[in-house]
1. Need one number: nm distance between label points at GLU104 and GLU61, each 7 Å from Cα along Cα→Cβ, rounded to one decimal.
2. Between CYS93, CYS74, CYS50, find the one with the highest GNM mean-square fluctuation for the chain; connect C-alpha pairs within less than 10 Å.
3. How many Å² of accessible area per residue for the chain, probe 1.4 Å?
4. Name the cysteines of the chain that stand alone by the Cβ rule: no other cysteine Cβ under 4.7 angstrom.
5. Pick out, in residue order, every one of the trypsin sites (Lys or Arg not before Pro) in segment 37-115 that is DSSP loop and has at most 13 other C-beta atoms within 10 Å; say none if there are none.
6. Given GLY108, GLN69, ALA36, which one lies farthest toward the positive end of the charge dipole of the chain, if we put +1 on the Cβ of every Lys and Arg and -1 on the Cβ of every Asp and Glu?
7. Can you compute 3J(HN,Hα) from phi for each residue in segment 36-42, using the Karplus curve 6.51 cos²θ - 1.76 cosθ + 1.60 with θ = phi - 60°, rounded to whole Hz and x for Gly and Pro?
8. Near the amide H of ILE8, under 5 Å away, which other amide H atoms are found, from residues 5 or more places off or on another chain, if H is placed in the peptide plane?
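The values are calculated or read from the model by the stated rules, or taken from the named source; none is laboratory data. What you see is a predicted model; the values in this text were computed from it and never measured. Quick reminder, even Gly has a Cβ in these numbers, built from the backbone with ideal geometry, and neighbours come from all protein chains shown. What goes into the accessible areas is simple: the full protein's heavy atoms, side chains included, and nothing from ligands, DNA or RNA. Shrake-Rupley method; radii C 1.70, N 1.55, O 1.52, S 1.80 Å.
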Amino acid sequence: MAAGQRLICAASDLAEAGRGVRFTLEQDGEPVPAFAVRFRGEVCGYQNRCGHIPVELDWNEGEFFDPSQLYLICSTHGALYDPHNGHCRGGRCGGRGLTPVSLEERDGGIYLKDM
Ligand code: FES
């Protein structure tokens, strides 16, 4: 493992458009909730904060996809986000997207890249 990279989970923990894995970042000495999901084969990571009100998206832990499995959804008021880039795609996010977290998949693991 490269210095400074942190293992988040096993690659096999992220099923296509399935349950996500929650983890915590540190930013300016403060814990920041984040999550990883898999969409169209790629691993995508975001801070777990809605663009409407900075609450966590998943009411039920790890459930980030809407029923269509095409969008990430905020469980509080239903804002929709593009899983690939976190852009707001509808609802109360009002154009404010999710903040990406840089992840890397290799050697059967999902790693947090240096920030
Ligand atoms: S808090 Fe997420 S849509 Fe309102």
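1. Label-label distance for GLU104 and GLU61, simple model: 2.9 nm.
2. The residue that fluctuates most here is CYS93.
3. For the chain, the solvent-accessible area averages 54 Å² per residue.
4. Within the chain, the cysteines lacking a partner Cβ under 4.7 Å are CYS9, CYS44.
5. Working: sites: ARG38, ARG40, ARG49, ARG89, ARG92, ARG96, ARG106, LYS113; in loops: ARG40, ARG49, ARG92, ARG96, LYS113.
Those satisfying the criteria are ARG40, LYS113.
6. Toward the positive end, the furthest listed residue is GLN69.
7. 10, 9, 10, 9, 6, x, 8
8. Amide H neighbours of ILE8, under 5 Å, 5+ apart: ILE110, TYR111, LEU112.
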